[in-house]
1. Which residue, of A:Val84, A:Val58, A:Val43, is surrounded by 17 or more Cβ atoms within 10 Å (Cβ to Cβ), within 14 Å of chain B (Cβ to nearest Cβ) and not aromatic (Phe, Trp, Tyr)?
2. Which one of these is farther than 21 Å from A:Leu100 by Cβ and within 14 Å of chain B (Cβ to nearest Cβ): A:Phe155, A:Phe163, A:Phe121?
3. Could you list, in sequence order, the residues of segment A:80-110 that are free of Cβ contacts under 8 Å to residues at least 12 places away in the same chain and of a type in the set (A, V, I, L, M, F, W, C)?
4. With respect to the numbered conditions (1) among the hydrophobic types (A, V, I, L, M, F, W, C); (2) over 28 Å from A:Ala108 (Cα atoms); (3) free of Cβ contacts under 8 Å to residues at least 24 places away in the same chain; (4) more than 14 Å from chain B (Cβ to nearest Cβ), which one is the sole condition not fulfilled by A:Cys77?
5. Which condition number in (1) assigned to a loop (DSSP other than H, G, I, E, B); (2) under 25 Å from A:Tyr201 (Cβ atoms); (3) of a type in the set (Ser, Thr, Tyr) is the one that A:Thr36 fails?
6. Pick from A:Ser125, A:Ser204, A:Ser186: which is hydroxyl-bearing (Ser, Thr, Tyr) and more than 13 Å from the chain's Cα centre (by Cα)?
7. Can you spot a residue in segment A:171-188 that is within 12 Å of chain B (Cβ to nearest Cβ), out of contact with any Lys or Arg (no Cβ under 6 Å at 6 or more places or on another chain) and touching a residue at least 60 places away in the same chain (Cβ under 8 Å)?
8. Has segment A:88-98 got at least one residue that is over 17 Å from A:Leu157 (Cα atoms), part of a helix (DSSP H, G or I) and more than 14 Å from every other protein chain (Cβ to nearest Cβ)?
Amino acid sequence: MNIFRFAGDMMHLTSILVLLLKIYATKSCSGISLKTQELYALVFLARYLDLFTDFISVYNTIMKLVFIVSSTAIVWCMKRDRVVRRSYDKQLDTFRHYFLLAASFALALLVNEKFTFQEIFWAFSIYLEAVAILPQLVLLQRSGNVDNLTGQYVFFLGAYRAFYILNWIYRYFTETHFSRWIACISGLVQTALYADFFYYYYISWKNNTKLKLPA
Amino acid sequence: RSTEDLKDEL
């Protein structure tokens, strides 16, 4: 464990806590893409298949459980909770995310560390996570003004993978046989997708104005 | 599974 990865994990956890706060405090999921939440739940379920077979550390196990439970609870809440689901922007959240699923799985079959069930699903979760934010970014562009909690949610979600890139650079230079090309290249793509969001987020923070993504 | 290919990251 290094400071970059720990900071990244804490930012990831913060993004989930901010999203939970928004949904439970405002009893509303307006501006949140259910499709992105569904993709994230799949990312964690596909990535943490080794939850019960490989014990890394207490921290690792607890965080995996937190990510799986929180992501599935958010999807369940946006679909089933009578109050919350009324505020879901169904007509705006129209990104065809099944293509992202199919493309990620196809790529995982072609590019993986080992052609085994667990490694293919791990690579699938890495590729899917890189593109999972797309429905959410499209929804933000369509829904015009973005409320603070939603903006903070997306910001921390983007920042966490940027810290993981620093973590991979650090591990590359400090550990002998460290090579995580799949995660690293995918992480670069993932963080690049947030580039324009970060720019408009910075502008809104600098000018102290409402965050607005151009359509 | 050998230790080095364990996925120790979240």
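1. Of A:Val84, A:Val58, A:Val43, the one residue that is surrounded by 17 or more Cβ atoms within 10 Å (Cβ to Cβ), within 14 Å of chain B (Cβ to nearest Cβ) and not aromatic (Phe, Trp, Tyr) is A:Val43.
2. Just a single option satisfies the conditions, and that option is A:Phe163.
3. Result: A:Phe99, A:Ala102, A:Ala106, A:Leu109, A:Leu110.
4. Result: A:Cys77 passes all but (3).
5. Among (1) assigned to a loop (DSSP other than H, G, I, E, B); (2) under 25 Å from A:Tyr201 (Cβ atoms); (3) of a type in the set (Ser, Thr, Tyr), the lone unmet condition for A:Thr36 is (1).
6. A:Ser204
7. The answer is yes; a qualifying residue exists.
8. yes
Read-outs throughout are calculated quantities, based only on the coordinates presented, and are distinct from any laboratory measurement. On a predicted model such as this, the values are computed, not experimentally measured, just so you know. No Cβ is skipped: glycine too gets one built from the backbone with ideal geometry, and neighbour counts run over all protein chains shown.
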